[in-house]
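Worksheet: one structure, shown below.
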Amino acid sequence: MKSLVFPEFQITRDEEKCGQCRGCERQCAFGVHTYDPVADRLISDERKCVGCQRCVIFCPENAITVRPSSSFYRPNASWSREKLEDLKKQAETGGVLLTGCGNDNPFRIYWDHIVLNASQVTNPSIDPLREPMELRTFLGAKPDLMEISTEDGDVEIKTKLSPNLMVETPILFSAMSYGAISYNAFRSLATAACKSGTYFNTGEGRLPKEMRDEFGKCAIVQVASGRFGLDAEYLNCAQAVEIKVGQGAKPGIGGHLPGDKVSAAVAETRMIPMGTDAISPAPHHDIYSIEYLSMLIYALKEATNYEKPISVKIAAVHNFAAIATGIVRAGADIIAIDGLRGGTGAAPKAIRDNVGIPTLSLPYPRWTDAYEMRVSGTNAPSLPRAEFAAAPM
């Protein structure tokens, strides 16, 4: 069947330069270039090209050029070329377009704008020995009041404290599962977390057994709706346990790891058959209310001997405060609020790009632009500068 989708890239081959070495054919993993023995020439199927430029780089004669296709649709503010072609691809295949490895849309990347400054009230310390500052953060439930004893000159805390995570660097690695990302990438994240004094989240892909002794001290293990590979040893090898109720990249639709990613090692770690899709249902089938969530939280606390803080992860929504109140009352020690832009395994492209809200919903340039408008005398809201951050735009 002839596809109605335009090729994304256009391939030009200079026949005078081409020496028929067939290097492009050997280098292309997508089968774009093939040799036609009848015509005694190399031909290119532009519909298979992904624009990786590998054939261009490895051509010894510089005979190949790959450029974006010049074909276009009638301009429409609501229906871009990408949206129209995605719609046609889904109609032609009868499936849903899945994508992974995050969101490539030009949303604001807050990581690029993080500023850490511990001197909130006073000036930065001149002498760090006499005026120490630290970024150490404790994650977990805190008592409203503490009872202490000072007998014999020693301070003793009598209040029973909940387990907390001590984070030296207050930036945690979000959940990225082994299988969704490669073993090398997964191990690299674990190494970086341990060396920087923070924690990484295993996601629902479980923690490989050979990594538990080395990286368990900086790991947070996850309990998702698929319940892949859960056992007491796995829960106790890490420093905290997270229940994933929702995630910002695909709120409300669970998780999906395509069978092509489920290798023998991934299958062994997740305890599922090799080559089968690892699908986490949208809801936990044993959670239908806050009371059921509380039962799971305390079941995990029992399994970890009340020594690990239990976290609950939800997708960022407009009324998350009310949801968080119920989660705290259910016994959770930590609440993780997940914004958009994620998705390492596989997410429906339409949902990944259009569903979910950022955890920081008012980007800095917006109030800056409004402030500059007010200063210049144009029609911007008449508010003091400090109030722009809270004003609806």
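Thr191 sits among other residues whose Cβ lies under 15 Å from its own Cβ, and their net charge, with Lys and Arg +1 and Asp and Glu -1, is +1. When Phe138, Phe30 are sorted by how many other C-beta atoms sit within 10 angstrom of their C-beta, beginning with the fewest, the order is Phe138, Phe30.
Here the dipole of the chain is about 1140 debye; that uses its Cα centre as origin and unit charges on the Cβ of Lys and Arg (positive) and Asp and Glu (negative). Just to be sure I understand: with springs between alpha-carbon atoms less than 10 Å apart, which residue in Asp104, Asp112, Asp213 has the highest mean-square fluctuation in the Gaussian network model of the chain? Judging by the Gaussian network model, the answer is Asp112.
Within 10 Å, Cβ to Cβ, of Cys55, how many net charges do the neighbouring residues add up to if Lys/Arg are +1 and Asp/Glu are -1?
Residues near Cys55 contribute +2 overall.
Quote the charge dipole size of the stretch 9-73 about the Cα centre in Debye, to the nearest 20; the model charges only the Cβ of Lys and Arg (+1) and of Asp and Glu (-1).
260 debye
For the residues Gly248, Gly19, Gly153, a GNM of the chain with alpha-carbon springs under 10 Å puts the largest fluctuation on Gly153. With the charge dipole of the chain set up from +1 on Lys and Arg Cβ and -1 on Asp and Glu Cβ about the Cα centre, the Cα lying farthest toward the positive end among the listed residues Ala238, Pro208, Thr169 is that of Pro208. Cβ-to-Cβ counts within 10 Å put Val328, Val115 in ascending order as Val115, Val328, the fewest first.
Charge dipole (Cα centre; +1 on Lys/Arg Cβ, -1 on Asp/Glu Cβ; no other charges) of the stretch 179-242 amounts to roughly 140 debye. Among beta bridges identified by DSSP and lying wholly in the stretch 190-310, the antiparallel ones come to about 30 percent.
Less than 10 Å Cβ to Cβ from Tyr234, Lys/Arg counted +1 and Asp/Glu -1: what total charge do the surrounding residues give?
+1
A Gaussian network model of the chain, with springs between Cα atoms under 10 Å, assigns the largest mean-square fluctuation among Arg47, Arg108, Arg341 to Arg47.
Mind checking which of Gly19, Gly342, Val223 is farthest towards the positive end of the chain's charge dipole, using Cβ charges of +1 (Lys, Arg) and -1 (Asp, Glu) about the Cα centre? Result: Gly19, furthest along the dipole toward the positive end. Multiplying the residue separation of Lys217 and Asn62 by 0.36 nm and removing their Cα-Cα distance gives an extension gain of 50.7 nm. Projecting the Cα positions of Thr269, Pro283, Gly140 onto the charge dipole of the chain (unit charges on Cβ atoms of Lys, Arg, Asp and Glu, taken about the Cα centre) puts Pro283 furthest along the positive direction.
Taking GluC sites (Glu not before Pro) across the stretch 1-53, the ones in a DSSP loop with at most 12 further Cβ atoms lying within 10 angstrom of their Cβ are Glu15, Glu16. Between Ala91 and Ile109, the simple label model (points 7 Å from Cα in the Cβ direction) yields a spacing of 3.5 nm. Cys residues of the chain that find no other Cys beta carbon under 4.7 Å: Cys18, Cys21, Cys28, Cys49, Cys52, Cys59, Cys101, Cys237.
Rounded to whole Å, the principal axis extents of the Cα atoms in the stretch 139-197 read 55, 21, 15, largest first. Between Arg136 and Arg22, the FRET efficiency estimated from the beta carbon spacing at R0 = 41 angstrom works out to 0.10.
Close Lys pairs in the stretch 151-249 (alpha-carbon distance under 30 Å; sequence gap of 8 or more, or different chains): 9. Between the labelled values (i) 30.3; (ii) 16.9; (iii) 18.3, the entry that holds mean projected area of the Cα convex hull in nm² as derived from this structure is (i). Size descriptors for the stretch 9-73 (Cα atoms only): Rg and Dmax, in that order, 11.5, 37 Å. Centre-to-centre separation between the Cα atoms of the stretch 5-70 and those of the stretch 129-191: 54 Å.
Each value in this text was obtained by applying a stated rule to the coordinates, not by laboratory testing. Since the model is a prediction, treat every value here as computed from it, not as a measurement. Backbone-built Cβ (ideal geometry, glycine too); neighbour counts: all protein chains shown.
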